[in-house]
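Structure record follows, encoded as structure tokens.
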Amino acid sequence: MDSQIDFVDSQTLTPKPDITPGRILVSSKGLDWHGIHIEKGENDGFTPDDVTVTQHYFAMNTGPAMQWEWKDGSTFKTHCYETGELWVNPAGVPFSHRISGHNQFVLLTLEPQKLTDLMPEGSSSEYKVFRRQHRSRDKHLQMLIQALLIEAEMGGPNGQLYVDSLSTALSAHFVNHYSVEQPGNLVTPYTSERQRFENVIAYIEAHLTEDIGLSDLALQAGLSKFHFSRLFKQTVGLTPHKYVIKRRIEQAAQQLKQGQSITQVAHQFGFSDQSHFTRVFKQIKGSTPRQFIQGFL
């Protein structure tokens with residue numbers, strides 16, 4: 001049986017039919033479930049690269065403990081997933097995995113539209129932001145996913161109302177426990193959200209001389225590029241691009257103070273040429289690099 005989950009390129013959102021999670025043993029395909037899909041399967045390895053799913057995506061390890069590598073910026077980190085532990089990935093958030101060796105799983109997708117009626121008045125699922133979660137030991141999610149899987153295995157004997165009740169409970173739990181604060185409330189974010197952006201800032205500082213992409217930063221935060229850009233500006237006060245440029249110029253100024261040449265510094269911080277560097281430097285510092293250096297002679 002083929003998987004019904006569609007993986008797409010995270011940059012272009014074009015389908016990637018060559019990406020498949022493996023052999024599907026149980027599926028809710030054909031049961032006419034609305035806005036939710038579940039399937040159980042197994043594989044001998046799964047290595048999707050820079051893909052995403054347009055639905056909220058839940059993966060649960062149903063086999064023995066396994067090593068799960070996931071891309072964090074330009075490097076991979078490794079987690080050991082015990083039986084029942086979940087990976088929760090909001091719709092549109094890019095990911096890359098390296099899973100080798102035999103493993104068993106249950107995958108569930110939830111259409112974002114399914115959450116609309118559960119949002120507070122005046123908001124919608126389109127603008128609600130959710131956080132990615134690694135190694136979630138969420139007993140409620142485990143129970144609800146297991147109940148939906150049993151219903152699919154039995155061919156849906158309890159009918160649409162039963163499935164709607166379970167999917168509504170799952171949706172409500174997702175909204176209540178995996179949502180990020182709305183932008184208007186981010187003046188004093190929760191510790192986990194404050195840590196999210198501290199991690200992004202630390203990543204920027206460590207890679208100022210490299211070609212940092214929006215995808216890299218969004219991946220650090222575990223958000224889609226659209227939601228990351230909006231929340232970053234709301235929290236930091238600048239767009240990601242303007243913040244990176246500002247920090248590059250500030251660090252470039254320190255290098256100029258230490259005697260490095262303008263040409264060297266411009267090249268080091270990724271400016272196309274000295275003219276471009278001079279123009280941006282003056283916009284931020286109020287003087288050209290040469291004038292800045294003369295002020296310290």
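Values in this text are rule-based calculations from the coordinates and carry no lab data. Owing to the predicted nature of the structure, the values given are computational and were not obtained by experimental measurement. In this analysis, Cβ positions are derived from the backbone assuming ideal geometry, glycine residues included, and neighbour counts consider all displayed protein chains.
Dimensions of region 8-179 from C-alpha coordinates, computed as largest minus smallest value along each principal axis and given longest first, are 41, 38, 30 Å.
Pulled fully out, how much extra length does the chain show between Ser215 and Thr47, if you take 0.36 nm times their separation in residues and subtract their Cα-Cα distance? Please list the in-between numbers first.
On the way: separation 168, 0.36 × 168 = 60.48 nm, distance 1.86 nm.
Working it through step by step, the gained length comes to 58.6 nm.
Taking each of Lys71/Lys242; Lys233/Lys257; Lys71/Lys285; Lys114/Lys242 in turn, the alpha-carbon distance tops 27 angstrom for Lys233/Lys257; Lys71/Lys285; Lys114/Lys242. Of Gln67, Gln146, Gln274, the residue with the greatest mean-square motion in the GNM of the chain, using alpha carbon springs below 10 Å, is Gln274.
Think of the chain as a dipole: +1 on every Lys or Arg Cβ, -1 on every Asp or Glu Cβ, centred on the Cα centre; then among Asn158, Ser261, Ser224, Ser261 lies furthest on the positive end. Annotation for Leu208 and Ser165: the two label points, set 7 Å from Cα along the Cα-Cβ direction, are 5.9 nm apart. Put in order of Cβ neighbour count within 10 Å, fewest first, the listed residues Asp50, Asp138 become Asp50, Asp138. Given springs between every Cα pair under 10 Å in a Gaussian network model of the chain, which of Gln234, Gln258, Gln142 has the largest fluctuation? Between Gln234, Gln258, Gln142, it is Gln258 that shows the largest mean-square fluctuation. Here the Gaussian network model covers the chain, with springs between Cα atoms less than 10 Å apart; of Phe281, Phe174, Phe130, Phe281 fluctuates the most.
Assign one of three labels to region 185-294, namely rounded, prolate or oblate, based on the Cα gyration tensor with a ≥ b ≥ c the square roots of its eigenvalues; rounded applies when a/c is under 1.5, prolate when it is not and a/b is larger than b/c, and oblate otherwise. Here region 185-294 falls in the prolate category.
A Förster distance of 35 Å, applied to the separation of the beta-carbon atoms of Leu238 and Thr263, puts the FRET efficiency at 0.80.
Residues with beta-carbon under 13 Å from that of Leu161, excluding Leu161: net charge, scoring Lys, Arg +1 and Asp, Glu -1? Don't skip to the answer; put the middle values down first.
On the way: positive: none; negative: Asp32, Glu151, Asp164.
Charge balance near Leu161 sits at -3.
Residue order for Arg279, Arg230, Arg131, fewest other beta carbons within 10 angstrom first, comes to Arg279, Arg230, Arg131. If you look at the Cα atoms of the chain, you get an Rg and a Dmax of 23.0, 83 Å.
Taking the Cα centre of region 8-179 as origin, work out the dipole magnitude from +1 charges on Lys and Arg Cβ and -1 charges on Asp and Glu Cβ, in debye rounded to 20.
For this selection, approximately 360 debye.
Ordering Leu256, Leu108 by the number of other Cβ atoms within 10 Å of each residue's own Cβ, fewest first, gives Leu256, Leu108.
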